[in-house]
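The structure appears right after this line, and notes come after that.
The values are calculated or read from the model by the stated rules, or taken from the named source; none is laboratory data. As the structure is a prediction and not an experimental result, all values here were calculated from the model. Heads up, the Cβs are rebuilt from the backbone with ideal geometry, glycines too, and the neighbour counts pull from every protein chain shown. Note: accessible area is taken over every heavy atom of the protein model, side chains too, but ligands, DNA and RNA are not part of it. Shrake-Rupley method; radii C 1.70, N 1.55, O 1.52, S 1.80 Å.
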Amino acid sequence: MFNSDAFNYINVLNKAADASWMREQVIVNNLANSDTPGYKRMDVEFDSILKAELGDSKYTSLDHKVAGVHMSHLQGKTYLDHSAFSYRLDGNNVDPDSENVELASETLKYLGLTDSISQEIARYKMVLK
């Protein structure tokens, strides 16, 4: 991670990509345990953390919002879904179909984030030439 304010946007994208990667791994783990009796699905929360850090002011530019973000607060948090709803009699609440849709969605999100990071770095390289 860079230590200059000039790279705050890239740093936020990097944290979002890390959280997205973490969520992909958690979803894969859920799929691997879809036949484990009593297993409760897990998930990763990041979007609400990012929203809280950026704030809700619609009259502030993204550059100003990103400048005030505490990078140490931007960490994905894994949580256990204690939902009483279960697809099986043994208490397992993993729906493989839903998990596969979530995995595909998260993969697209991760690819978009990494592409955005690459584009931002390419812009910096173009300016430096």
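Things to note:
- FRET efficiency estimate (nearest 0.05) - Cβ-Cβ, Arg123 to Lys77, R0 22 angstrom: 0.10
- Applying 0.36 nm per residue to the separation of Thr36 and Lys109 and subtracting their alpha-carbon distance, the gain on full extension is 23.5 nm.
- Each of His73, His82 has its accessible area taken with a 1.4 Å probe; listed largest first, they run His82, His73.
- A convex hull fitted to the Cα coordinates of the stretch 79-129 yields 77 cubic angstrom per residue.
- FRET E, pair Asp18, Val101, Förster distance 30 Å, beta-carbon r, rounded to 0.05: 0.85
- Taking each residue as 0.36 nm, the span from Asp47 to Ser86 lengthens on full extension beyond its C-alpha to C-alpha distance by 11.5 nm.
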